[in-house]
1. If ARG134 satisfies all but one of (1) among the charged types (D, E, K, R); (2) crowded, with 18+ Cβ neighbours inside 10 Å; (3) more than 21 Å from ASP32 (Cβ to Cβ), what's the number of the condition it fails?
2. Being within 24 Å of MET222 (Cβ to Cβ) and of a type in the set (Ser, Thr, Tyr) is the filter; apply it to segment 334-368 and report the residue that is modelled with the highest pLDDT.
3. Go through the residues of segment 317-333 one by one and say whether even a single one is in a helix (DSSP H, G or I), at pLDDT below 85, farther than 19 Å from LEU238 by Cβ and open to solvent by 80 Å² or more (accessible area, probe 1.4 Å).
4. Is it fair to say ARG168 is within 30 Å of ALA282 (Cβ to Cβ) and open to solvent by less than 30 Å² (accessible area, probe 1.4 Å)?
5. Restricting the search to segment 213-233, which residues are surrounded by fewer than 18 Cβ atoms within 10 Å (Cβ to Cβ) and not in a helix (DSSP H, G or I)?
6. Within segment 20-44, track down each residue that is farther than 19 Å from LYS146 by Cα, hydrophobic (A, V, I, L, M, F, W, C) and either touching a strand residue (DSSP E or B) at 6+ places or on another chain (Cβ under 6 Å) or open to solvent by less than 90 Å² (accessible area, probe 1.4 Å) (or both).
7. Take segment 248-269 and flag every residue that is loosely packed, with under 15 Cβ neighbours inside 10 Å and of a type in the set (A, V, I, L, M).
8. Considering each residue of segment 101-159, count those that are under 20 Å from ARG30 (Cβ atoms) and part of a loop (DSSP other than H, G, I, E, B), and give that number.
Amino acid sequence: MDIFSKEIIIPITAAILGIAVPLLIGVIQRIDDKYESTRLIQLFMNERSTKHFLGLLAITIFLLFYQLVAPPNYFDFGVLTKCIDYSAIILATIFCVLLTFSIFMIFRLIYIYNVPEKLQKHLIKRNDIPRNTRKAWFELFIAMLKQNNVDVLRDCFQELYNWTMSLREGRQWTVMEYPPELYEGIISINEQLCMQQKEAVSIKNGNDIVNVMLDGVQFTIMHQNTYRTIWTCLNQQLFYKRSEWIIKYWNAANSLLLLHLADFQLNERIYVSYTPSGQAVADSKMVELRQKERKEFKEFHIALGGLLLFRKEHELLNQILYYTNSQPPHYVLIPGSLAEIIPLYMNLLSFSPDSMYKYEQKYPFFGL
């Protein structure tokens, strides 16, 4: 049994140790070089396969060293005496076999982390994805933008859309606040998109990263943090001279207010997506929420118009002011009559603290 340990177990363990340590160090370096993400490195080290391998390796080495210095057994346990005498080497043999299988799992994990398509699917395979994993997924998203990996980007955009849809599911007529990591991730991705070189045809063209937060089918109500995130993204796009994206956002917002945030009256039958019949009768709460939502949505876009004027984006301001996708023209995002303009103007001139600092607090003008 002792000969078996020295001639078989120790060389196998030494060989695995000699392969594994440089391999893991090399993998960490490659992840850092390829994705520029410390979170992905942390995820790799916290993977179940990695933890099992390192744990088995440590236990096997400990048992081999213990077998060399273990005191002799002076007690007689009958038929179990032989097993107890060689228990350390028996356990070391078992763990060495497990360690051998474990290193193949490590090879598989390394392959996953080296192929972006596999890694993207690996990160989102769970239903309850932890916050740190989501943040690492956003860093993968940004890395794929830098590398212009269209196949992975297509999956990432689809996953972002599916995620926001799942978060809003069953939340109709409630204020929908997304997780902080989603807001942070969208701002980071938008920044990277703005920095990309312009291309005639690309999946990165458009403003999908912002428009994904506009709910046109699930009847949730936008939270103030959602407005702030959209405001930050639009400011980023203005800074990087992406005026065409501002227009695409305005197009989406115009359609949302015109088609999906239409005003309705008490007891009016409205079309919804969350009932079997596809219809619901508006109650007083729904009417109140819709009126408040439309008011806040319009206020946001009035502030956006003020931002464009402040930044002297006169051509862009002229384009959005006269934007319409209906005949006869209907400009739903801006006040269209004196009956709307005068109350807004008087509200701004009032000395109420809520009125005086409302726009400044909600939608600050960067650089002012």
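1. The failed condition is (3).
2. Restricting to residues being within 24 Å of MET222 (Cβ to Cβ) and of a type in the set (Ser, Thr, Tyr), the top hit is TYR363.
3. Checked against the condition, which is being in a helix (DSSP H, G or I), at pLDDT below 85, farther than 19 Å from LEU238 by Cβ and open to solvent by 80 Å² or more (accessible area, probe 1.4 Å), segment 317-333 yields no hits at all.
4. The answer is yes for ARG168.
5. Answer for segment 213-233, where residues must be surrounded by fewer than 18 Cβ atoms within 10 Å (Cβ to Cβ) and not in a helix (DSSP H, G or I): GLY216, VAL217, HIS223.
6. Of everything in segment 20-44, those that are farther than 19 Å from LYS146 by Cα, hydrophobic (A, V, I, L, M, F, W, C) and either touching a strand residue (DSSP E or B) at 6+ places or on another chain (Cβ under 6 Å) or open to solvent by less than 90 Å² (accessible area, probe 1.4 Å) (or both) turn out to be ALA20, VAL21, LEU23, LEU24, VAL27, ILE28, LEU43, PHE44.
7. LEU259, ALA262, LEU266
8. Matching residues across segment 101-159 total 3.
The values are calculated or read from the model by the stated rules, or taken from the named source; none is laboratory data. If you're wondering where the values come from, they're calculated on a predicted model, not measured in any experiment. Neighbour counts are summed over all protein chains in view; Cβ atoms, including those assigned to glycine, are modelled from backbone coordinates with ideal geometry. Accessible surface is based on the protein model in full, side chains and every heavy atom, while ligands, DNA and RNA are left aside. Shrake-Rupley method; radii C 1.70, N 1.55, O 1.52, S 1.80 Å.
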